[in-house]
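Colleague: Can you keep this structure in mind? I'll have questions shortly.
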Amino acid sequence: MTEVGLRAEVTGPVATVVISNPTRRNAMTPDMWRQLPPLLDRLEADPAVRVLVLTGAGETFCAGADLGDVDELLAAGDHSVAVAAEERLAAFAKPTVAAVRGACVGGGCQLAVACDLRIAATDARFGVPPARLGVVYPTPTTRRLAALVGPATAKYLIFTGELVDADRAARVGLVDEVLPADRFTDRIAELTGAIAARSQLSVIAAKEIVDGRADAARAAWWHGQSRASGEAREGVAAFHERRPPRFTWTASSDG
C-alpha cells in the first residue's frame, strides 16, 4: 500500500482501518482526517462489523499530523478536522482497538487514545509533542488523555513532549497489552475474535455506560433489551449446557 489515505478492510466481524502516508511515517493530512468520519459512519452501519481495529501501514502506527498543512489545523483550534475525526472515533458505537507498532505520536496518539483499547508491540513509542511545537493541544483531546492516564501523567506527557516506550505506556495505563512482534498479529486476531463472540448487547451497552453517554433512561432501556432479547437466557443456558452461546442481538436492534 503506497498511496496516501485511509483504507478499510472487513474480514468476518472485524473491520480494519489502515493509516497510510508512507513518505511521512503515516502522518495524517487534513484530507485523511476528513476521510475518517464518513468511513466510520459506513463501518458502524455495517451489521457484519462487530469490532474495529485502527492500525498503520507497515511498521509505524502514525507519526502525527502532517506539519506541511499545520496552519489549517491551528486556525480551527478545537474545531479542527483532527478533533472532529477524533470525536467521531471515540463515539463509534462498537468496540475499537488501536493496534500500535512503531511511532504513535501527536495525532497518532490522539487517535489511539480515542479507541477503547490499545495493544502495542514492544517497538511502539508514544509521544504528545505540542509543547515542542508551540501548539495548544485541543481541549477534548487533553481531557480524554487525562481521563485515561490521570492528570499527572497527562501533564508529564504534554509538558515534556518526551517519547515513552511501550512498557512505560502500559505502566501508566496508556496501553492495555504489550506484545513481542511475533505475537502481535495473532493477539490482535485473538482479542477481536473474543470480543466479536461476546453478546454485542452487553458490549455496546457497556461502552455507552463507561463513556458516560447513557443517562438513567438509556440504562433502563439497555436492561430492558437484555430481558426482551433473550440474550441473558441464552448466555445462562449455554453456561449450564457447556456450549458456546449463540447470541443474536445486533446493533440494528438499538433504538
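Colleague: Checking G212 against (1) on the phi > 0 side of the Ramachandran plot; (2) open to solvent by less than 50 Å² (accessible area, probe 1.4 Å), only one condition comes out false. Which one?
Modeller: Going through the list (1) on the phi > 0 side of the Ramachandran plot; (2) open to solvent by less than 50 Å² (accessible area, probe 1.4 Å), G212 breaks only (2).
Colleague: Something else now. Within the bounds of the range 153-165, is there any residue that is within 17 Å of the chain's Cα centre (by Cα) and touching a residue at least 24 places away in the same chain (Cβ under 8 Å)?
Modeller: no
Colleague: Return the residues of the range 178-197 that are over 10 Å from T122 (Cβ atoms) and touching a helix residue (DSSP H, G or I) at 6+ places or on another chain (Cβ under 7 Å); say none if nothing qualifies.
Modeller: I195
Colleague: Does the range 187-195 include one or more residues that are more than 21 Å from F92 (Cα to Cα) and either open to solvent by less than 20 Å² (accessible area, probe 1.4 Å) or touching a residue at least 12 places away in the same chain (Cβ under 8 Å) (or both)?
Modeller: yes
Colleague: Kindly list, by first and then second residue, each pair from a residue in the range 1-15 that is at pLDDT below 95 to a residue that is in a loop (DSSP other than H, G, I, E, B), limited to pairs with Cβ atoms under 6 Å and residues at least 6 apart or on different chains.
Modeller: M1/A57; V4/N21
Colleague: Is it true that L157 is in contact with a Leu (Cβ under 9 Å, 6 or more places away or on another chain) and within 26 Å of V81 (Cα to Cα)? Give the derivation first.
Modeller: Details: in contact with a Leu (Cβ under 9 Å, 6 or more places away or on another chain): yes; within 26 Å of V81 (Cα to Cα): yes.
Against the criterion (in contact with a Leu (Cβ under 9 Å, 6 or more places away or on another chain) and within 26 Å of V81 (Cα to Cα)), L157 qualifies.
Colleague: Note down all Cβ pairs under 8 Å where the first residue falls in the range 234-255 and is surrounded by 15 or more Cβ atoms within 10 Å (Cβ to Cβ), the second is of a type in the set (A, V, I, L, M) and at pLDDT below 90, and they're at least six residues apart or on different chains.
Modeller: Listed by first residue and then by second, the contacts come to nothing, as the list is empty.
Colleague: Of the numbered conditions (1) within 20 Å of the chain's Cα centre (by Cα); (2) modelled with pLDDT of 95 or more, A217 fails exactly one; give the number of that condition.
Modeller: If we test A217 against (1) within 20 Å of the chain's Cα centre (by Cα); (2) modelled with pLDDT of 95 or more, just (1) comes out false.
Colleague: For the list (1) of a type outside the set (F, W, Y); (2) surrounded by fewer than 18 Cβ atoms within 10 Å (Cβ to Cβ); (3) part of a helix (DSSP H, G or I), I need the number of the one condition that A8 fails.
Modeller: The number of the failed condition is (3).
Colleague: Pull up the range 23-34, narrow it to residues that are open to solvent by 70 Å² or more (accessible area, probe 1.4 Å) and free of Cβ contacts under 8 Å to residues at least 40 places away in the same chain, then point me to the one that is nearest to I204 (Cα to Cα).
Modeller: The selected residue is D31.
Colleague: When the range 215-231 is examined, which residues are found to be open to solvent by 50 Å² or more (accessible area, probe 1.4 Å) and of a type in the set (A, V, I, L, M, F, W, C)?
Modeller: Within the range 215-231, A216, A217, A220, W221, A228 qualify.
The values are calculated or read from the model by the stated rules, or taken from the named source; none is laboratory data. These numbers were taken from a predicted model, which means no experiment stands behind them. Glycine also receives a Cβ, built like all others from the backbone with ideal geometry; neighbour counts cover every protein chain displayed. Accessible surface is based on the protein model in full, side chains and every heavy atom, while ligands, DNA and RNA are left aside. Shrake-Rupley method; radii C 1.70, N 1.55, O 1.52, S 1.80 Å.
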